[in-house]
Amino acid sequence: MTSATSAAGAGGAVGTRSGSAFGGLTLPGAGGRAGRSVPIAGFVLAAAVALAVSLRLPAGTAVVGLAVFGILHNVLELRYVTGRFEGVLHGPFLRLLAVLITGIVVCRLFPPSTGSHDAEILLAYGLLAAACVHALRGRWLPLAAALVLLAGAATASLSFPAYHFVVLAHLHNVVPLLFLWEWSRGMPHGRAAFRAVQFGWVLVIPALLLAGAFDGWMGAGSGWTDRLALSYTPPAWQHTSAGLRFVAVFAFLQTMHYVVWVWFMPRYAPDATEAFERRAPGLRGWRAWALGLGGAAALSVLFVSDYTQGRSLYAAVASYHAYLEFPVLLMLVLGLGGASRSGAGATERKKSPDAAR
């Protein structure tokens, strides 16, 4: 993997855009605020606060966080992903992903059943298969191997759907690690410390929680905790003391998930915002925030009046941001096989005489 030139101004000022190649795909670099200005201490403080509230009030933290930040982070994450990866998410491929994800939304709007769950699983693996075909076109042996692996995974998911959806719920909160890792490639210095902090909150703290290292600080469970444990605990561990730990893990990771999408990326990845706003000028500036906050207010009202219906509606709407990230990240890992360039990065290289170096 190579990284194009990136620059940061004195005292942590906003730097120039840069390009980075990841898996054969050239993307805009971290840009924005980098190096010393990246708030590593901010992540440490956020993780400490998130851990404290998740230990004492695991169910409350999960439910209140979802009502307040759920829709807002959906909007801001979609803005980042579609802006940052505009070189991939366009044309017929984007339309195909939109159709498949809309199918998942429809599945989630129906009452939960074996049929709706199986359909969602098949559509989800269809998304990944579409990403493999798009990324590995012309490379028949790797494509065949990838499709065989996906077929095996799909078979396992269909055989154990309850485990599939528990893993999916937690995996969605782990995904920011990959986006933050890719973002940090444009940092001129401090990259190792930044990545270590991200590994700490995404992997180390949840592992300690599940191992029982924080049981002495854990609050007592409640009816809400037991209710959430059914969604976030593997079936083999349900109705045991592990259920409370899994809810605490979910509450902690969900809270940090919001920190990434509501605070960090909007502030420290301005290039992605600019790229998105070129594609959707109607959502420039405050309008995207207004959309997210308005949706959050409406969802909160629905939660208060009927939590079950509100949760079902949110799960359906959230499918767009939750499922779009998986084919994007899979394509980054597989590579595009060619020098496909994103619009923002390509535009900047045309303007900069240093781009040819």
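Before moving on, here are some points about what is shown:
- Label-point separation in nm, Ala280 to Ala52, each point 7 Å along Cα→Cβ: 3.5
- Zone residues, the range 256-291, relative to Val64, backbone N less than 20 Å from point 7 Å out along Cα-to-Cβ: 256-263
- Counting only heavy atoms of the protein chains and using a 1.4 Å probe, Cys107 has close to 20 Å² of accessible surface.
- Think of each Lys and Arg Cβ as +1 and each Asp and Glu Cβ as -1; about the Cα centre, that makes the dipole of the range 232-329 roughly 80 debye.
- Ranking by accessible area, most exposed first, for Leu291, Leu147 with a 1.4 Å probe: Leu291, Leu147
- Computed with a 1.4 Å probe over protein heavy atoms only, the accessible area of Tyr320 comes to about 80 Å².
- Contour minus Cα-Cα distance for Arg287 and Ser159 (0.36 nm per residue): 41.7 nm
- Sequence of Arg108, Arg267, Arg139, Arg95 from largest to smallest accessible area, 1.4 Å probe: Arg95, Arg267, Arg139, Arg108
- Overall form of the range 177-335 per C-alpha gyration tensor (a/c, 1.5; a/b vs b/c): oblate
- Prolate/oblate/rounded call for the range 52-203, Cα gyration tensor, a/c under 1.5 rounded: oblate
- Spin-label model distance (nm) - Leu230 vs Ala192, 7 Å beyond Cα toward Cβ: 4.9
- Nearest-10 value in Å² for the accessible area of Val204, using the 1.4 Å probe: 80
- Val133 versus Ala211: modelled label distance in nm, points set 7 Å from Cα along the beta carbon direction: 4.4
The values are calculated or read from the model by the stated rules, or taken from the named source; none is laboratory data. A quick note: this is a predicted structure, and the numbers were derived from the prediction, not measured. Cβ atoms come from the backbone with ideal geometry, glycine included; neighbour counts cover every protein chain shown. Accessible surface areas use protein heavy atoms only, side chains included; no ligands, DNA or RNA. Shrake-Rupley method; radii C 1.70, N 1.55, O 1.52, S 1.80 Å.
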